[in-house]
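Taking it in order: structure first as structure tokens, then the write-up.
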Amino acid sequence: MIYLDNNATTPLDPGAQEKMSHFLREHFGNPSSLYPIGRAVKEIVTETREVIAKAIGATRTEIIFTGSGTEADNFAIRGVLDAFPEKDEFITSEIEHPAVIETARYLEKKGIKVTYVPVDQYGTIDLGFLSNAITPKTALISIMHANNEIGTIQPIESVVKIAREKGVLVHTDAVQSFGKIDVDVKKLDVNLLSISSHKIYGPKGIGALYIRKGTNIKPLIYGGHQEREMRAGTENTIGIVGFGEAVRVLMERGSKDKKRIEKLAEQLKKGIEETIPKVKLNGHDKNRVKGTLSFCFPGLEAEAILLALATKEICVSTGSACAEGTEDVSYVLSAIGLKPEIARSTIRFSVGRFNTEEDIQIVLKELPEIVKNLREISALDIDE
Ligand SMILES: Cc1ncc(COP(=O)(O)O)c(C=O)c1O
């Protein structure tokens, strides 16, 4: 099988798997318990929190474990709006992940005014629009670091500069950037930042929210005293251990991995552009997470390509995993100005750590043939 859908999820790192198996065998204690078997687990959780904090330039007490990247996004947004009842405005972008967009829709139903900042043809937000949208009633701005469908990287430092001048807090969803490009909370200067384990070769169902010291935020989940009373519920200790090891491996491999992935993605990009007529890369050519390649294949339905590739055991996506199987055109592709029929012809390839040159060669052998055959039987006119 050739897996080129690493933005949807990644395979578990063997080191993380080993660490988790060992932990499961040796530790069942509750980290809140005061006797030794509880204490031992608490110590492991604390060490893991330190590893994750260090990886993003934070301190340990600024990291709260969550049940997913989605929960981290919900926590950041709803938690800050809850903390500022006198402010009832929220700003985000048109191309956020559903974890943010649907939270915004929920807030709208509760009477919050939400402004969705538009993007240009490359998927980059309009900073002027953003600046004009801020009012004294704005509680929070949430702009994603890198987009999951097209990979475009947003100018977060500029967003923060604009927000700071007007005293507004900034959250960024770094679920698709962490592990792929530099993510440093000090450099980005954000107040809140979300990450998720299963996008970086860790287990699913565990994420984290960075909350800069002193940030005014309310919990999303109430109950026990866990996570410094910011996220109640007995910790997902096995998930935390796996997440921590995945981050440790990530840091150890460093730029070596990044270069390899970028090289493979570039080979795939060049190969597609050279062998398949009329394809076009969606998003930004340069300012992009390079392992993400969103291509449209005019004249075809993406689903037909996806299914043909699947018969060759090649896994790709038609967009984000969350939109898969729905009839709707991707709102991200609509926001960058693609016509519905072009958006519907889009395939996302996302390259990861375990891909090889052979994977890319096989795709470049199969894909042009598949596209050619499908175009021959397709009724759509690619010159339209
Ligand atoms: C940009 C972005 N944000 C948030 C999420 C949600 O993360 P999780 O799957 O951990 O809930 C995803 C997952 O696809 C994502 O790509």
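What follows is calculated from the coordinates using simple rules that are stated; it is not laboratory data. Being a predicted model, the structure only gives us computed values, none of them experimental. FYI the Cβ positions are ideal-geometry reconstructions off the backbone, even for glycines, and counts take in every protein chain you see.
Can you sort 145, 171 by how many other beta carbons sit within 10 Å, fewest first? Display every interim value, and only then the final one.
Details: 145 23, 171 29.
Neighbour counts put them in this order, fewest first: 145, 171.
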If R0 is 22 Å, what FRET efficiency do you get for residue 30 and residue 204 from their C-beta distance, rounded to 0.05? 0.50
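So how many Å³ per residue does the convex hull of the Cα atoms of the stretch 116-221 work out to?
Once divided by residue count, the hull of the stretch 116-221 is 120 Å³.
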Run the Debye formula on the Cα coordinates of the stretch 1-108, all scatterers equal and no solvent, and tell me log10 I(q)/I(0) at q = 0.11, 0.22, 0.24 1/Å. -0.58, -1.23, -1.30
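Based only on other Cβ atoms within 10 Å, what is the fewest-to-most ordering of 315, 296? Before the final figure, lay out each step's value.
On the way: 315 16, 296 22.
Least to most surrounded, the residues fall as 315, 296.
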Pairs of Cα atoms under 8 Å, at least six residues apart: use those to get the relative contact order of the stretch 14-249, whole percent. 27 percent
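Past the 21 angstrom mark, what percentage of all C-alpha to C-alpha distances in the stretch 180-268 do you count? Intermediate values should be presented prior to the final figure.
Working: 1818 of 3916 pairs.
Here the long-distance tail beyond 21 Å is 46 percent of all Cα pairs in the stretch 180-268.
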Dipole magnitude of the stretch 14-249 about its Cα centre, charges +1 at Lys/Arg Cβ and -1 at Asp/Glu Cβ only, in debye to the nearest 20? 500 debye
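Taking other Cβ within 10 Å of each residue's Cβ, how do 20, 1, 251, 144 sort, fewest first? Walk me through the numbers before you get to the answer.
Numbers: 20 22, 1 8, 251 13, 144 27.
Ranking 20, 1, 251, 144 by Cβ neighbours within 10 Å, fewest first, gives 1, 251, 20, 144.
Taking a cut-off of 15 Å, what percent of all Cα-Cα pairs in the stretch 231-295 are separated by more than that? Display every interim value, and only then the final one.
Working: 1384 of 2080 pairs.
Tail of P(r) above 15 Å: 67 percent of Cα pairs.
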Largest to smallest principal axis extent of the C-alpha atoms in the stretch 166-207, angstrom: 38, 20, 12
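Just the Kirkwood number for the stretch 45-173, please: inverse of mean 1/r across all distinct Cα pairs, in Å, one decimal. Kindly include the intermediate steps, with their values, before the conclusion.
On the way: mean 1/r = 0.0652 Å⁻¹.
About 15.3 Å, per the Kirkwood formula over Cα pairs.
Taking each pair of different alpha-carbon atoms in the chain once, compute 1/r for the pair, average those values, and report the inverse of that mean as the Kirkwood hydrodynamic radius in Å to one decimal. Show your work: numbers first, answer last.
Details: mean 1/r = 0.0461 Å⁻¹.
Across the chain, the inverse of the average 1/r is 21.7 Å.
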Given points 7 Å out from each Cα along the Cα-Cβ axis, report the residue 374 to residue 275 separation in nanometres with one decimal. 1.5 nm
Reduced to Cα centres, the span from the stretch 47-92 to the stretch 269-321 in Å works out to 33 Å
With respect to the cross-link table entries 137/218; 180/278; 187/269, which display a Cα-Cα separation exceeding 22 Å? 180/278; 187/269
Taking the reciprocal of mean 1/r across every pair of different Cα atoms in the stretch 44-96, the Kirkwood radius in Å is 13.1 Å
Amide H contacts under 5 Å for residue 346, restricted to residues at least 5 apart in sequence or on another chain and with H modeled in the peptide plane, are 297, 302
Candidate lysines for bridging to residue 186, where Cα separation is under 21 Å - those fewer than 8 sequence places away on the same chain excluded: 54, 161, 166, 213
Length added when fully stretched, residue 61-residue 285, from 0.36 nm per residue minus Cα-Cα: 76.9 nm
